[in-house]
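Single-structure report; data block below.
Each reported figure results from applying straightforward, stated rules to the coordinates on display, with no laboratory input. All values reported here derive from a predicted model rather than from experimental measurement. Here the Cβ positions follow ideal geometry from the backbone for every residue, glycine too, while neighbour counts run over all protein chains shown.
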Amino acid sequence: MLFFVDTANLDQIREASELGILDGVTTNPSLMAKEGISGEKNILKHYRDICDIVGQGRDVSAEVISTDFKGIVEEGKRLADLHENIVVKVPMIREGVKAIAYFTDAGIRTNCTLVFSAGQALLAAKAGATYLSPFIGRIDDIGWDGMALIKEIAEIYNNFGFETAILAASIRSPLHIIEAAKAGADVVTCPLPAILGLLNHPLTDIGLEKFLADHRKANG
Ligand code: G3P
């Protein structure tokens, strides 16, 4: 299972990268805006900086703003040309599906985002998306079951051997990560605190404290 960090914050990306378990990064226009990144030149530079931090072979999703086929294709090509790590993130809309099919033929990797149903997941896989991003937390927010969607998509993809990777997004907690892993997600993209939350167990803390106390007693 791959671990991506879901942020455009360079310090957090660095911290996740230094942990030694990071496989990639996802961003979106809201996360970029949160970091105060605006204007095409600055946005492109920020994506390059993220790629440089994570290093070779780690995918970085950069999202298009256009919503028409021609615009998505032009923007996506500019993003893909930036760095070999870039995966073009495209919304699950009619023009987006067309663009994903185009990018697939052109050998450009894609992440289909804003996915909330199994039908959308099928269309994205048919178009050849590299990654599919179902938004677990936002489904839970409206009282539905985000993990049930991951299971449903995993079943469909297994039935037909689709190669699109299920990237569980809108992850809010360590429990979400574990549940996504059990449900069959290939990748989780999470805020850094959710990843760090996996470290915690009180018995680990109590056990370590005792080991160190015993060592101090024996060694003076
Ligand atoms: O990658 C999509 C993700 O960032 C959405 O998360 O927490 O805004 O629903 P959230």
## Note on the structure
For segment 2-219, inverting the pair-averaged 1/r of distinct alpha-carbon atoms gives a Kirkwood value in Å of 18.2
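Pairs of lysine in the chain with Cα under 12 Å and at least 8 positions apart or on different chains: total?
The result is 4.
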## Note on the structure
Of 14-22, 46-54, 162-170, ordering from highest average Cβ density within 10 Å down gives 162-170, 46-54, 14-22
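So if we plug the beta-carbon distance of Lys182 and Ile142 into 1/(1 + (r/R0)^6) with R0 = 30 Å, what FRET efficiency do we get, rounded to 0.05?
With a Förster radius of 30 Å, E is 0.85.
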### Message
Suppose each label sits 7 Å from its Cα in the direction of the beta carbon; what would the Lys70-Arg48 distance come out to in nanometres?
### Response
2.8
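May I ask you to compute the full-extension gain from Leu175 to Ala154, defined as 0.36 nm times their residue separation minus their alpha-carbon distance, rounded to one decimal in nm?
That works out to 5.7 nm of additional length.
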### Query
How far is helix 146-160 tilted, in degrees, relative to the longest principal axis of the Cα atoms in the chain, given as a value from 0 to 90 rounded to the nearest 10?
60
## Note on the structure
Taking Cα atoms only, helix 40-54 is inclined relative to the longest principal axis of the chain by an angle, in degrees rounded to 10, of 40
### Message
Quick check: Cα centre of segment 1-58 to Cα centre of segment 72-98, how many Å?
### Response
17
### Query
How far is helix 69-82 tilted off the main Cα axis of the chain, in degrees rounded to 10, range 0 to 90?
50
### Spacing of the two label points (7 Å from each Cα toward its C-beta) at Ile206 and Leu82, in nm
4.8
### Query
Taking the Cβ of Leu123 as the center, what net charge do the other residues with Cβ under 12 Å away carry, scoring Lys and Arg +1 and Asp and Glu -1?
+3
